[in-house]
1. Does ASP212 meet the test of being assigned to a helix (DSSP H, G or I), at pLDDT 95 or above, touching a strand residue (DSSP E or B) at 6+ places or on another chain (Cβ under 8 Å) and among the acidic types (Asp, Glu)?
2. Take the stretch 186-203 and flag every residue that is of a type in the set (A, V, I, L, M, F, W, C) and surrounded by fewer than 20 Cβ atoms within 10 Å (Cβ to Cβ).
3. On the given criteria, is ARG232 open to solvent by 20 Å² or more (accessible area, probe 1.4 Å), in contact with a helix residue (DSSP H, G or I) (Cβ under 8 Å, 6 or more places away or on another chain) and closer than 28 Å to LYS27 by Cα?
4. Tell me, yes or no, whether the stretch 72-84 has at least one residue that is closer than 18 Å to LEU340 by Cβ and not aliphatic (A, V, I, L, M).
5. Within the group CYS428, CYS418, which residue is modelled with pLDDT of 95 or more, in a helix (DSSP H, G or I), open to solvent by less than 50 Å² (accessible area, probe 1.4 Å) and within 26 Å of LYS239 (Cα to Cα)?
6. Go through (1) touching a residue at least 24 places away in the same chain (Cβ under 8 Å); (2) open to solvent by 10 Å² or more (accessible area, probe 1.4 Å) and name the single condition ASP165 misses.
7. List, please: which pairs have Cβ atoms under 9 Å, are six or more places apart or on different chains, and start with a residue in the stretch 272-297 that is farther than 11 Å from VAL215 by Cα and open to solvent by 20 Å² or more (accessible area, probe 1.4 Å) and end with one that is modelled with pLDDT under 95 and of a type in the set (Lys, Arg)?
8. For VAL261, only one of the following conditions fails: (1) assigned to a strand (DSSP E or B); (2) within 16 Å of the chain's Cα centre (by Cα). What is its number?
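The values are calculated or read from the model by the stated rules, or taken from the named source; none is laboratory data. For clarity, every value in this text was computed on a predicted model and none was experimentally measured. Please note: Cβ atoms are built from the backbone with ideal geometry, for glycine as well, and neighbour counts cover all protein chains shown. Just so you know, the surface numbers come from the protein's heavy atoms only, side chains and all, with ligands and any DNA or RNA stripped out. Shrake-Rupley method; radii C 1.70, N 1.55, O 1.52, S 1.80 Å.
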Amino acid sequence: MLMTGAQYIESLRKMKTRVYMFGEEVKDWVDHPIIRPSINCVAVTYDLANDPEYADLMTAKSSLTGETINRFTHLHQSTEDLKKKVKMLRLCGQKTASCFQRCVGMDAFNAVFSTTYETDKKYGTNYHENFKKFLEMVQKNDYVVDGAMTDPKGDRGLAPSAQRDPDLFVHIVERREDGIVVSGAKAHQTGTINSHWHIIMPTQAMKEADKDYAVSFACPTDAEGMYMIYGRQSCDTRKLEEGADVDLGNRTYGGQEALVVFDNVFIPNEYIFLAGEYDFAGMMVERFAGYHRQSYGGCKVGVGDVLIGAAALAAEYNGAQKASHIKDKLIEMIHLNETLYCCGIACSSEGHPTQAGNYEIDLLLANVCKQNVTRFPYDITRLAEDIAGGLMVTMPSEKDFKSDVKVGRNGETIGEICNKYFAAAPSCTTEERMRILRFIENICLGSSAVGYRTESLHGAGSPQAQRIMISRQGNLEAKKELAKAIAHIK
């Protein structure tokens, strides 16, 4: 069943999710002005799936049931599926200019599906069947599932089992006949509050001493003992200002991150996908990371499309659109953005089937994709800020532009003064100019930064994580043999 955006929002109201912000519990979190834009973002993924124009990208035929499902709950069945995923993410980025939060779960589905298959093959466990039944339930109900991998980690120089506080990594604290009890936390989790369920995965490769930390499972977001502490974003309290509009930049959509805490949460056997098989923790991490690094060749490109358009509008509103250096900067932004897209499509086109039957991207090219994403959005942002001008970060507030307080010798109000001195080209009103500048500020510096700038660096692993994988996948020895052959070195 495909839900609509409105049905999705109503489904969240039925949940008993525990959310804390600014030191207090948020009871009506669905309609909280800081949280609601991120919920609106997820709702777009539902509405696009119900739009015939986008059905080919946004929906797929389930390999488990044969039913039509939202592509965000799909197991990739071909390189064409992998490419459609990238195109779908670009579309969602274009429609929201923010993080729409569902890719993490989709990437977790595909990583856990293939890893559980190989785990069962070695150990005779039942994890793969557990996962398939879980995913069938997710597809049937069109749920949002958050993929949670990143632990707080504590002292990075120590293994999980060597930490002073064992809760710095999610781990099994009790094994029962009917399930396990887990404790710990997952940090800066995208879309966690807006999800119906969570899939938890290990955060790194592990050794035998860490086997209680080699755990993967699913649980509902409102499970007993589970709660979230909302992460701050730059400019977030602007959303709390009465009548706020222009100053918000992107008033409809936004991203979301939170700390997810597991305070002795019970997990029934049917939702366990890994429980001590430490030699498969690294496989699950690498596969999830590969899928998620592929994702950035779509979602960040879509947001980049919007930012490029906003920069072009700012140039037009400033009356500078004909300047050769402005044209050149816009060309460079497009070049960088399309290069990211090329990487996303390339790692998809070079995909291959796993032993379980779903398709995996080319891991080397996926890591190259994400390595570029840690760099190019910073250049795109820099160029957008250059084109927009300093007014983007120095202009008075929306209230000043609307103020009727008289300050001028001839009785002019603060609002009239602001509108007079911040007017630009006749192709726009002063308010339209302010709106596009606040919008650029929002993407480059403000509450959408979690979905573009800084998140481009750290999401799906910081730059060094990709460099490690590029080193592993780069096949340097084979390249040396190529050189030796041509240079006639035996």
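1. So ASP212 fits the description; yes.
2. ALA187
3. Answer is no for this residue.
4. yes
5. When all the criteria are applied, what remains is CYS418.
6. Condition not satisfied by ASP165: (1).
7. Once the first residue is farther than 11 Å from VAL215 by Cα and open to solvent by 20 Å² or more (accessible area, probe 1.4 Å) and sits in the stretch 272-297, its partners that are modelled with pLDDT under 95 and of a type in the set (Lys, Arg) give GLU286/ARG472.
8. (2) is the only condition that VAL261 fails.
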